[in-house]
Amino acid sequence: MGNGVLGLSVALELARRDSRLRIAVVGPRARTGAATPAAGAMLNCFGEVTQYTDRHPAAQARFALARRALDAWPDWLARLAEDAGGTDGGRALRNSHIPGTFVLLSARSGRITDRNFEALRLALVEYGEPHEAVDPADVPGLAPRPDARPLRALYLQREGTVDARRVLAALEAAATTHGVEFWPLTATALVADNETVRGIQLDDGRMLQATTVVVAAGSMSGELAATALPPGAVPPMLHGTGLAVLTRRENAGGVTRAVRTPNRAATCGLHVLPTSGGHYVGATSVITPQLSAGPELGVAHEMLRAACEQIDRQLAAAQVTAWLCGRRPIPLDGFPLLGPSRLLHGLIFATGTYRDGFHNSPAIARCIADTLLGATPPDKDLSWFTPERPPIQTMTVSQAIDEAVIHSIDAAYEHDLRLPALLGDTHLTDGLHQRAKDFHDHLPHPIALPPEIAISQLLLPARSPGEAQHLTWLSDYLHAAHQHHRPAEYATRQASHTATP
Ligand SMILES: Cc1cc2nc3c(=O)[nH]c(=O)nc-3n(C[C@H](O)[C@H](O)[C@H](O)COP(=O)(O)OP(=O)(O)OC[C@H]3O[C@@H](n4cnc5c(N)ncnc54)[C@H](O)[C@@H]3O)c2cc1C
């Protein structure tokens, strides 16, 4: 259920392993609002490391999955190109793969970006990942404004980028070769009885019967899961709306490898990626519980300004060839939903991958296929991502509030906040703290949210009429989650792994 990179990768992996299986991929051809066609797609594992990566076993498990994906990509791409071979797709796919990623620490960075850069560097050393520290002046095509130039740069040899749209086309071609059927329809509900999934209801009125359903409908997965699972069982899925821009340039130049910042305060890394004839500039990220009408102009403006100032001033003269908009699937606790349902036999989740689901897709496809075919014992690490779970909390509530406030202030400075030196930012920090505390005081149960999500819940609503609505929505979920998960399980799982920032 879902025809993005995850649905297709899982289908292909299964079809390759057992040609007797009957597999159908359900999803509308247009893929409106899907994440995959909008993705960069950076194949970044170490490039995604943040200061939080080694602080909690769930974050470490996610990082281990990303390392497996990093190892898997060369072979996965080669086989994909081969399977999609008869068409031009195979060659186009191979040509679109550009190895190597430069990670820059810009003079415009705040504390969070600094910490993430350092965490990333330490992880490279710890895991013996090939990399070099380079002089930012030597990064080919880099042309920032002098006051926004990078202070430091790292080159990650094994991490690169590929054209997501070509990967989708190749996955479809390869899956077709292996006998996968395509149903270009929308699922409206899961069908289940006797604690067993029976299939899915389709928008043309038919029911597609199935002994196994893999939920891979991106940010729409939460709504679909809710048609068969009790409220509170699975952390709710939020929509991380992202905008990116494809450009073409008349004059030669620009970066020749992926160039990115580490993940920044409250958002993902700024990046400019070479494409055939131009560049991909990405990406914004605004997380909302409900579907948003689209990316916001102000956020898009900041992203484009930062790309022109910090990476390549000549981008300002490039022509826009496409605006890409997609919704990252992000569960409330920020961790993916992977593996079998504990409540409905035959239901498997492959979703909730937020900002690195494209990179992780080969590893996720393998682990879902292993689970489904019983090939290997279940991966213990991945049990963190069991879909029916209380939200994973990696900090205490007060730590989470502190972090959210630091992220907010940092994001404001990265976007040119200027306060008179006399005043300092203490008042601002205190105000945000109070606001976050007030919000938490109104919740029926405490919850430590990841900073990006805390900010979207607590602070962004300040400029929209949705604040009360968000509070009600979160309170309803917390009530339901406490009822569904035994309170003891809820408390133990949270307390025993609370990390210290
Ligand atoms: C701007 C942007 C940039 C990104 N950059 C990167 C990157 O550089 N590297 C990286 O690793 N990740 C990146 N990501 C994240 C990555 O794209 C996602 O994690 C990943 O693509 C999620 O794949 P998916 O298949 O789960 O979801 P999606 O790609 O959203 O696919 C879900 C599919 O399900 C279909 N669907 C929805 N509802 C239904 C329904 N009811 N019935 C049937 N089908 C349905 C949709 O049409 C869609 O095709 C980026 C995301 C965005 C938005």
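Do we have residue 239 as at negative phi and more than 11 Å from the ligand (Cβ to nearest atom) here? Judged against the criteria, residue 239 is not a match.
Name the residue, out of 188, 211, that is surrounded by fewer than 17 Cβ atoms within 10 Å (Cβ to Cβ), touching a Gly at 6+ places or on another chain (Cβ under 7 Å) and among the polar types (S, T, N, Q). Before you say what the answer is, go through the steps one by one.
Working: 188 fails: touching a Gly at 6+ places or on another chain (Cβ under 7 Å).
Selected residue: 211, the only one of 188, 211 that is surrounded by fewer than 17 Cβ atoms within 10 Å (Cβ to Cβ), touching a Gly at 6+ places or on another chain (Cβ under 7 Å) and among the polar types (S, T, N, Q).
Can you tell me which residue within the range 13-45, out of those that are within 19 Å of residue 70 (Cβ to Cβ) and more than 9 Å from the ligand (Cβ to nearest atom), is surrounded by the fewest Cβ atoms within 10 Å (Cβ to Cβ)? It would help to see each step written out before you state the result.
Taking the range 13-45 first, the residues within 19 Å of residue 70 (Cβ to Cβ) are 13, 36, 39-45.
Restricting the remaining residues to those that are more than 9 Å from the ligand (Cβ to nearest atom) gives 13, 45.
Working: 13: 23, 45: 27.
Looking at the filtered set, the residue picked out is 13.
Taking the conditions exactly as written (of a type in the set (Val, Ile, Thr), within 20 Å of residue 285 (Cβ to Cβ) and assigned to a helix (DSSP H, G or I)), does residue 406 satisfy them or not? Break it down into steps so the answer makes sense when it comes.
Numbers: of a type in the set (Val, Ile, Thr): yes; within 20 Å of residue 285 (Cβ to Cβ): yes; assigned to a helix (DSSP H, G or I): yes.
The answer is yes for residue 406.
Restricting attention to the range 384-411 and to residues that are under 19 Å from the mean Cα position of the chain (by Cα) and under 30 Å from residue 340 (Cβ atoms), the residue that is surrounded by the fewest Cβ atoms within 10 Å (Cβ to Cβ) turns out to be 386. Checking 381, 370 one by one, the residue that is away from the ligand (no atom under 13 Å from the Cβ) and either in contact with a Leu (Cβ under 7 Å, 6 or more places away or on another chain) or in contact (Cβ under 8 Å) with a residue 24 or more places away in the chain (or both) is 381 and no other. Inside the range 471-485, residues that are among the aliphatic types (A, V, I, L, M) and touching a Gly at 6+ places or on another chain (Cβ under 9 Å) make up a count of 3. Taken over the range 139-172, the residue count meeting the criterion of being crowded, with 19+ Cβ neighbours inside 10 Å and more than 16 Å from the ligand (Cβ to nearest atom) is 6.
Rundown of residues vs (1) within 12 Å of the ligand (Cβ to nearest atom); (2) in contact with a Leu (Cβ under 8 Å, 6 or more places away or on another chain), yes/no style:
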site: 284; (1), (2): yes, yes
site: 305; (1), (2): no, no
site: 332; (1), (2): no, yes
site: 337; (1), (2): yes, no
site: 343; (1), (2): no, yes
site: 350; (1), (2): yes, yes
site: 356; (1), (2): yes, no
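For the range 80-101, the candidate set comprises residues that are free of Cβ contacts under 8 Å to residues at least 24 places away in the same chain and surrounded by 16 or more Cβ atoms within 10 Å (Cβ to Cβ); within that set, the residue that is nearest to residue 127 (Cα to Cα) is 94. Scanning the range 227-253 for residues that are of a type outside the set (A, V, I, L, M, F, W, C) and not in a loop (DSSP other than H, G, I, E, B) returns 239, 240, 241, 242, 247, 248. Restricting the range 412-434 to residues that are free of Cβ contacts under 8 Å to residues at least 60 places away in the same chain and buried (at least 18 other Cβ atoms within 10 Å of the Cβ), the residue that is nearest to residue 107 (Cα to Cα) is 412.
Take the conditions (1) closer than 23 Å to residue 107 by Cβ; (2) crowded, with 23+ Cβ neighbours inside 10 Å; residue 368 misses just one of them, which is (1).
Rule-based calculations on the coordinates, nothing more; no lab input. As the structure is a computational prediction, the values presented were derived from the model and not from experiment. Cβ coordinates were reconstructed from backbone atoms using ideal geometry, including for glycine residues, and neighbour counts include every protein chain displayed.
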